[in-house]
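This report concerns only the one structure given below.
The values are calculated or read from the model by the stated rules, or taken from the named source; none is laboratory data. Not measured: the values here are computed from a predicted model. Please note: Cβ atoms are built from the backbone with ideal geometry, for glycine as well, and neighbour counts cover all protein chains shown.
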Amino acid sequence: MKIFDVGDVLRFAVRIEEDGETFYRKAALVTADKGISDLFSLLADEEIKHKGIFQDMISKVETVAPAETYDGEYAAYLHNYIDDKVIFTKKNHEEATSDAKDTLSAILFAMQREADSILYYHESKQFIAEKFYGIIDKIIAEERKHFSKLSELRNKYM
(Lines give C-alpha, C1' and ligand atoms only; values in the text may rest on other atoms or scores of the structure.)
Protein backbone atom coordinates (compact mmCIF):
# COMPACT_ATOMS: atom_id res chain seq x y z
CA MET A 1 0.00 0.00 0.00
CA LYS A 2 1.29 3.44 -0.95
CA ILE A 3 1.51 6.09 1.78
CA PHE A 4 1.32 9.06 -0.58
CA ASP A 5 -0.19 9.39 -4.01
CA VAL A 6 1.60 11.31 -6.75
CA GLY A 7 -0.50 14.37 -5.91
CA ASP A 8 0.95 14.38 -2.39
CA VAL A 9 4.49 14.20 -3.71
CA LEU A 10 3.77 17.05 -6.13
CA ARG A 11 2.14 19.16 -3.39
CA PHE A 12 5.28 18.61 -1.30
CA ALA A 13 7.30 19.73 -4.33
CA VAL A 14 5.24 22.91 -4.61
CA ARG A 15 5.84 23.67 -0.95
CA ILE A 16 9.56 22.95 -1.22
CA GLU A 17 9.74 25.37 -4.17
CA GLU A 18 7.83 28.03 -2.19
CA ASP A 19 10.20 27.66 0.73
CA GLY A 20 13.21 27.64 -1.58
CA GLU A 21 12.07 30.90 -3.16
CA THR A 22 11.76 32.49 0.28
CA PHE A 23 15.27 31.34 1.21
CA TYR A 24 16.85 32.59 -2.02
CA ARG A 25 15.12 35.99 -1.73
CA LYS A 26 16.46 36.43 1.81
CA ALA A 27 19.92 35.20 0.86
CA ALA A 28 20.02 37.67 -2.05
CA LEU A 29 19.38 40.51 0.37
CA VAL A 30 22.06 39.61 2.92
CA THR A 31 25.04 38.97 0.63
CA ALA A 32 27.25 41.91 -0.23
CA ASP A 33 28.46 40.32 -3.49
CA LYS A 34 26.24 41.58 -6.32
CA GLY A 35 26.98 38.60 -8.58
CA ILE A 36 25.95 36.16 -5.88
CA SER A 37 22.92 38.26 -4.99
CA ASP A 38 21.89 38.21 -8.65
CA LEU A 39 22.27 34.41 -8.79
CA PHE A 40 20.18 33.96 -5.64
CA SER A 41 17.51 36.20 -7.18
CA LEU A 42 17.62 34.15 -10.38
CA LEU A 43 17.27 30.93 -8.39
CA ALA A 44 14.30 32.42 -6.53
CA ASP A 45 12.68 33.25 -9.88
CA GLU A 46 13.33 29.71 -11.07
CA GLU A 47 11.73 28.31 -7.92
CA ILE A 48 8.57 30.19 -8.94
CA LYS A 49 8.77 28.64 -12.42
CA HIS A 50 9.30 25.18 -10.92
CA LYS A 51 6.30 25.69 -8.66
CA GLY A 52 4.23 26.42 -11.76
CA ILE A 53 5.54 23.29 -13.48
CA PHE A 54 4.61 21.17 -10.48
CA GLN A 55 1.18 22.77 -10.18
CA ASP A 56 0.61 21.97 -13.85
CA MET A 57 1.65 18.37 -13.18
CA ILE A 58 -0.86 18.21 -10.31
CA SER A 59 -3.64 19.28 -12.66
CA LYS A 60 -2.76 16.39 -14.99
CA VAL A 61 -2.75 13.55 -12.50
CA GLU A 62 -5.65 11.89 -10.83
CA THR A 63 -5.46 12.26 -7.08
CA VAL A 64 -7.56 10.93 -4.27
CA ALA A 65 -8.65 13.61 -1.84
CA PRO A 66 -8.24 12.49 1.76
CA ALA A 67 -11.06 12.76 4.25
CA GLU A 68 -10.96 16.07 6.13
CA THR A 69 -12.68 17.15 9.32
CA TYR A 70 -12.69 20.74 8.03
CA ASP A 71 -12.05 22.41 4.67
CA GLY A 72 -8.33 22.82 3.99
CA GLU A 73 -7.18 20.51 6.79
CA TYR A 74 -5.03 18.33 4.53
CA ALA A 75 -3.37 21.29 2.81
CA ALA A 76 -2.57 22.81 6.21
CA TYR A 77 -1.07 19.50 7.32
CA LEU A 78 1.16 19.32 4.23
CA HIS A 79 2.33 22.92 4.66
CA ASN A 80 3.16 22.39 8.32
CA TYR A 81 4.92 19.12 7.60
CA ILE A 82 7.11 20.69 4.94
CA ASP A 83 7.79 23.80 7.06
CA ASP A 84 8.81 21.81 10.11
CA LYS A 85 10.37 18.62 8.80
CA VAL A 86 11.77 18.87 5.33
CA ILE A 87 14.23 20.79 3.19
CA PHE A 88 13.97 24.55 3.68
CA THR A 89 12.70 24.87 7.26
CA LYS A 90 12.06 28.27 8.80
CA LYS A 91 14.84 27.67 11.32
CA ASN A 92 17.25 26.82 8.50
CA HIS A 93 16.25 30.03 6.67
CA GLU A 94 17.07 32.12 9.70
CA GLU A 95 20.37 30.39 10.39
CA ALA A 96 21.59 30.51 6.79
CA THR A 97 20.61 34.12 6.16
CA SER A 98 21.70 35.61 9.48
CA ASP A 99 24.19 38.44 9.32
CA ALA A 100 26.74 36.20 11.06
CA LYS A 101 26.97 33.93 8.02
CA ASP A 102 29.28 34.67 5.16
CA THR A 103 28.39 34.36 1.51
CA LEU A 104 30.19 31.06 1.04
CA SER A 105 28.18 29.58 3.91
CA ALA A 106 24.94 30.65 2.21
CA ILE A 107 26.07 29.02 -1.04
CA LEU A 108 27.02 25.79 0.73
CA PHE A 109 23.73 25.80 2.64
CA ALA A 110 21.80 26.23 -0.61
CA MET A 111 23.74 23.41 -2.24
CA GLN A 112 22.92 21.10 0.66
CA ARG A 113 19.23 22.01 0.49
CA GLU A 114 19.15 21.29 -3.25
CA ALA A 115 20.89 17.95 -2.65
CA ASP A 116 18.35 17.19 0.10
CA SER A 117 15.53 18.00 -2.32
CA ILE A 118 16.95 15.60 -4.88
CA LEU A 119 17.22 12.88 -2.25
CA TYR A 120 13.64 13.54 -1.10
CA TYR A 121 12.33 13.12 -4.63
CA HIS A 122 14.34 9.94 -5.18
CA GLU A 123 13.03 8.49 -1.93
CA SER A 124 9.45 9.57 -2.65
CA LYS A 125 9.34 7.31 -5.69
CA GLN A 126 8.88 4.29 -3.41
CA PHE A 127 5.54 5.72 -2.26
CA ILE A 128 3.96 6.23 -5.67
CA ALA A 129 2.91 4.08 -8.58
CA GLU A 130 5.63 3.36 -11.13
CA LYS A 131 3.66 5.05 -13.89
CA PHE A 132 4.39 8.39 -12.19
CA TYR A 133 8.17 7.97 -11.99
CA GLY A 134 8.64 10.14 -15.08
CA ILE A 135 7.02 13.09 -13.30
CA ILE A 136 9.30 12.68 -10.31
CA ASP A 137 12.32 12.37 -12.61
CA LYS A 138 11.40 15.76 -14.13
CA ILE A 139 11.37 17.28 -10.65
CA ILE A 140 14.79 15.79 -9.94
CA ALA A 141 16.17 17.21 -13.18
CA GLU A 142 14.96 20.70 -12.22
CA GLU A 143 16.62 20.48 -8.80
CA ARG A 144 19.88 19.26 -10.35
CA LYS A 145 20.01 22.42 -12.46
CA HIS A 146 19.96 24.50 -9.28
CA PHE A 147 22.63 22.37 -7.67
CA SER A 148 24.87 22.72 -10.73
CA LYS A 149 24.54 26.51 -10.79
CA LEU A 150 25.37 26.72 -7.11
CA SER A 151 28.29 24.34 -7.52
CA GLU A 152 29.76 26.48 -10.31
CA LEU A 153 29.37 29.57 -8.12
CA ARG A 154 31.03 27.84 -5.19
CA ASN A 155 33.97 26.87 -7.37
CA LYS A 156 34.37 30.44 -8.60
CA TYR A 157 33.95 31.86 -5.12
CA MET A 158 36.54 29.56 -3.55
Residues of segment 26-40 satisfying the condition of being among the hydroxyl-bearing types (Ser, Thr, Tyr) and buried (at least 19 other Cβ atoms within 10 Å of the Cβ):
Thr31
For the subset of segment 33-60 comprising residues that are farther than 28 Å from Asn155 by Cβ and among the aliphatic types (A, V, I, L, M), which member is modelled with the lowest pLDDT?
Met57
With the structure loaded, tell me whether Ser148 is under 18 Å from Ala44 (Cα atoms), surrounded by fewer than 17 Cβ atoms within 10 Å (Cβ to Cβ) and either modelled with pLDDT under 85 or in contact with a strand residue (DSSP E or B) (Cβ under 9 Å, 6 or more places away or on another chain) (or both) or whether it fails that test.
no
Out of the residues in segment 1-25 meeting the condition of being β-branched (Val, Ile, Thr) and part of a helix (DSSP H, G or I), tell me which one is surrounded by the fewest Cβ atoms within 10 Å (Cβ to Cβ).
Thr22
Looking at (1) touching a helix residue (DSSP H, G or I) at 6+ places or on another chain (Cβ under 8 Å); (2) modelled with pLDDT under 70, can you tell me which one Ala28 breaks?
(2)
Name the residue that is surrounded by the fewest Cβ atoms within 10 Å (Cβ to Cβ), counting only residues in segment 102-145 that are assigned to a helix (DSSP H, G or I) and of a type in the set (Asp, Glu).
Glu130
